[in-house]
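Have a look at the structure below before the remarks.
Read-outs: derived from the displayed coordinates by stated rules, not from any lab. Keep in mind that what you see is a predicted model, and the values were worked out from it rather than measured. All Cβ positions, even for glycine, are placed from backbone atoms using ideal geometry, and neighbour counts span all protein chains on display.
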Amino acid sequence: MDFAFTPEEERFRQELKEFLRRELPEWWRGMFVHDDRVFPQTRRFCQELAERGWLTMAWPPEHGGQNASVWKQAILREEMWAHEEPRGPQYMNLNYIGPCIMRYGTEEQKRRFLPPMAKGTVIWTQGFSEPEAGSDLASVRTRAEEVADGFVVNGQKIWSSYADAPADWCFLLVRTDPSAPKHRGLSVLLVDMRTPGITVRPIDSMAGPHELNEIFFDDVKVPRNCLLGEKNRGWEIVTAGLAFERAGIARYARAGRVIELLTEYVQQTHCDGQPLAANLDVRRKLAELRVRYEAARLLNYRAISLQARGQVPVVEASIARLHNTQLEQLVGHVGMEILGLGGLLTHADPQAPLSGSVYRQWVRNIPTTIAAGTLEIQKNIIAAQGLGLPRQR
Amino acid sequence: MDLHLSPEQTLLVESARSFLSRVWSLERTRAIEASPSGFDRHLWLQMAELGWLGIALPQGFGGSEQTFLEATLLLEEMGRALLPSPFVPCVVVAAPLVQALGSAEQQRRWLPLIAAGRAIATLALVEPGWRDEWRRPEVRALREGTRLRLRGRKCFVPYAESADLTIVAVTIEGEGPSVLAIDREIPGCSYSRLDTFGGEPQFDMEFDVAVPATTLLGKPGEAGAEIDNACQRAMVASLAFMVGASERVLEMTVEYAKTRSQFGRPIGSFQAVAHRCVDMRSDIDALRYLVYQAAWNIASGKVDALEVAAAKAYGNEALRRIYMNAHQVHGAIGFSMEYDLQLFTRRAKAVELQWGSTSFHLERVAARMGLE
C-alpha cells in the first residue's frame, strides 16, 4: 500500500496546474452557460492538450496515445474536473466512447474514429435514454432495421449530452431484434450526425444550455461498417461503457476544489467582527465535507488501483460513484448554507461570491444522482454483483 | 499510489485469518467476556510465537520489525474473529510509548517481555469527568526527594488487573505532563472493575503511592506529544478492529437477507432491505480505506495528519449507520442475546466512545484545513 503519488506524478500535476492557469480564460465557468465563446474554447483547449500528448495520454501509441499510467490519467482527470472540465464534451471521447471502440471496434473503425479523438477535433454525443427508457435502459425502442447496405433508424433519444454543440457523431443504442428478450436484441451504431433525417432539439435545464437534448431519427441510413461489435450484443458494450464512465469522472476533485474555495472564503469573510472560519458550526461543516471528500477520493483510488492491474472495476466503480455524487451534492448544499443570501446570486451577477462556483456546484449536481444510472440503480448493481443478493425489482 | 496490499501483507492477513478461524469462535468470545481476566492467556502466548505482540518492535527486543500498518491489518483480522485481548493497550499503546520515551534500561526490561507475551502493559490515562479527548492529567505527582508521590484516580483503564506494567499519565507539579511506568510489584494501587458493556475489562484505579523517580518514562513534562501519538494509534487500531468486525457483520446480514423469507420471497429481494446492505458495504469500504490511509500516515511518522483524524470523524458516524442497518435487516432476532449480532454492536459503540468523538476529530480536521 502506498498513499502518495510519485515525485514524477506530482511534477506532472504541477505542470498541468500551470498549463490550466495559462490556458483558461478568466471568463471560463464550465460548459452550461449562455456564452458563445464556450465551444470554440473547448476545441482550442483540447487541441492544445493534444499537441502536448495529454489528451489521450493513456491510450496505446497506435491510437495516438503514450501508454501513460492510469495514475497519470487520474491526475489529469482530477485537474480537469477541478477546473470545471475545460475539455467540454470531449471528455466523453476519452472516458468511454474511445475505449469502447478500442475494445469492440474493427481495425477499420479504430483507424477511422480514434485519430480525430486523439487530435481533439471531434465531438460525440450519446443516444441512450428514451422517453420510455430511463432506468430501464434495456427497454429502448429506437429501431434499426437491417437493409441491404446497412440499417435504417427510426425513433427518439433524450437527455443526449452536447448534441447541439453541434456533435459530429452519436454513440447510439438501438433495437435490432424486437423479437429477442430485451437485453439480447440491442446493438450500438456509430452515427454521423450530419446524416439526413436527424433533428436535434435542445432542452434547457436548470443547469443551463447544451447539456441536454432530444434527438429524432427519421429514416436515417447508417452504413453497415458503422455497427460497433456484433449485432444484438450491444447491451454488453453499453454496460462496459457505463462502467468506464462511472470510474472515469473525478467528481470528488471538483468537490475538493469547491471545499478549498469555501475554506478561503470563510477565512477572508468577516461576520460580527470575526472571520467566519472561527464559527464552530462553519468549521465543523467544512471539516465534515473534507472527511467525506477523503472517503470518496480513496474509493476512487481503489477502483483505479484495480485498473492499474488490468481489471475492470464494476462494483467498485459503483461504490465510488455513490460517494462521489452524494459528496458533490452535499458540497453544494453546505456551500450555499455558508454563503447565506449571497448564495442566491448566479454567476451572471458580478457580486456573486466565488464567481458563482457554489451556485454552479449546487445546481449542476441536482441530477448527479440520476445521470449514468440513478443512485438506486447503482445500489441494485452493488446488491446483485457485489453482495450476491437476489435480483431487485 | 496503490491501494493493494503487498504480497507480504496479503500473506500476513491470510495466515492470521486461518489461524484465528482455527482457534477462535464467537462461543469463545462469549465465554471470555464473562471471565475475570477478559482474555485468553494461552492464546496470547501463541500470538507472541507468531510474532504479533512485537509486530512493530525491533528484532533486538524480539520484535518482527514491521510497521503500524501491519499491526492494523492484524487488528482487522482480530476484529473479524471478535477476539477480545489487550492487543491495543499493550502492543499498540504501551510498547511504543516505552520505545519512544523509555531509557535503554526501561526498554530492555519491558519490550522483550511484551513481545514474548510474558508481560501485559496498559495505559492509565482517562480521569473522572473526561468525555473523550485526552487532556492535561489532573493526577499529580509531587517530588519527595528521589521519589514521586502519586495521588489520584484514573478510570477506564483496560486490563488493569492483568497488567504487569501500567503507564500512568500524570502532571508533575511545576513540570507538566509526564508518564510513569508503574510495576505491578509496587503496592499502593487499588483496582475496581467497572460494569461496562463494551466487551473488554475496564477498571478504576486509585493511587496513593510513592514511587522511585526512576519510574519516569522520558523527561518530566515532555510526554504530551507522545501521549497524543499513543491516542491516535489506539484510535486507528480500534477502528481497524471494527472494520474486520463489520465485514463479518455484513456477511451475517447478507446471509440473513438471502435466507429469511417473508411474503413468499427472500427479504433481500426487496430494495428497501437490499439497499441497507449496500449502504453497509459502502460505509465499510470507505472506513477501511480511511483506516489504511491513517495507518499509513502513522507508519510514515505523520501521526498528526488530517487524514488520521478523518478516519475517526467518519468512523464514528459510519459505525452507527452500519450497526443500525444490520439490526434493521435482522429484525427482532438481532436484538436477542442468543444471536451473535449483539456481540458486535456493543463493541462498535465502545469504539465510538473511545479516543475522540466526531466533533473532537472534526475540530482536528478543521484546524489542519487551516480554519483558524
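Here are the numbers for this structure:
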item: DSSP H segments from chain B that extend 18 Å or more along their own axis, Cα-based, with Kyte-Doolittle mean of -1.0 or above; result: B:7-23, B:68-81, B:224-259, B:271-299, B:306-330, B:341-353
item: Extent along principal axes [Cα atoms of region A:250-386; Å; largest to smallest]; result: 54, 27, 23
item: P(r) tail fraction, the protein assembly as shown - alpha-carbon pairs more than 46 Å apart, %; result: 32
item: Largest-first ellipsoid semi-axes for region A:1-82, taking √(5λ) over the Cα gyration tensor eigenvalues, angstrom; result: 25, 16, 11
item: Helix runs (DSSP H) in chain A reaching 15 Å along axis by Cα, Kyte-Doolittle at least 0.0; result: A:234-247, A:315-339
item: FRET efficiency estimate (nearest 0.05) - Cβ-Cβ, B:Lys349 to A:Arg141, R0 41 angstrom; result: 0.20
item: At R0 = 51 Å, FRET efficiency that the Cβ-Cβ distance of B:Gln59 and B:Gln342 yields, to 0.05; result: 0.75
item: Simple spin-label estimate for B:Ala116 and A:Gln351 in nanometres, 7 Å along Cα-Cβ; result: 7.7
item: Convex hull volume of chain B per residue (C-alpha atoms, cubic angstrom); result: 144
item: Chymotrypsin sites (Phe, Trp or Tyr not before Pro) lying in DSSP loop within region B:74-158, provided at most 16 other Cβ fall within 10 Å; result: B:Trp130
item: MRE, 222 nm, helices only [DSSP H, n ≥ 4, -39500 (n - 2.57), over chain B, to nearest 500]; result: -16000 deg cm²/dmol
item: Spatial separation of Cα centroids for region B:63-77 and region B:308-370, in angstrom; result: 22
item: Hull volume in cubic angstrom per residue (convex hull over the Cα atoms of chain A); result: 151
item: Estimated distance in nm for a label pair at B:Leu45 and B:Glu8, the labels positioned 7 Å out from Cα along Cα-to-Cβ; result: 2.9
item: Amide H partners (placed H, <5 Å) of B:Gly152, local residues excluded; result: B:Phe207
item: Chain A, helix-only ellipticity at 222 nm - DSSP H runs n ≥ 4, -39,500 (n - 2.57), divided by all residues, nearest 500; result: -13500 deg cm²/dmol
item: Region A:189-213-region A:125-145 distance, computed between alpha-carbon centres (Å); result: 15
item: Nitroxide proxy distance, nm - points 7 Å out along Cα→Cβ at A:Asp204 and A:Glu236; result: 4.5
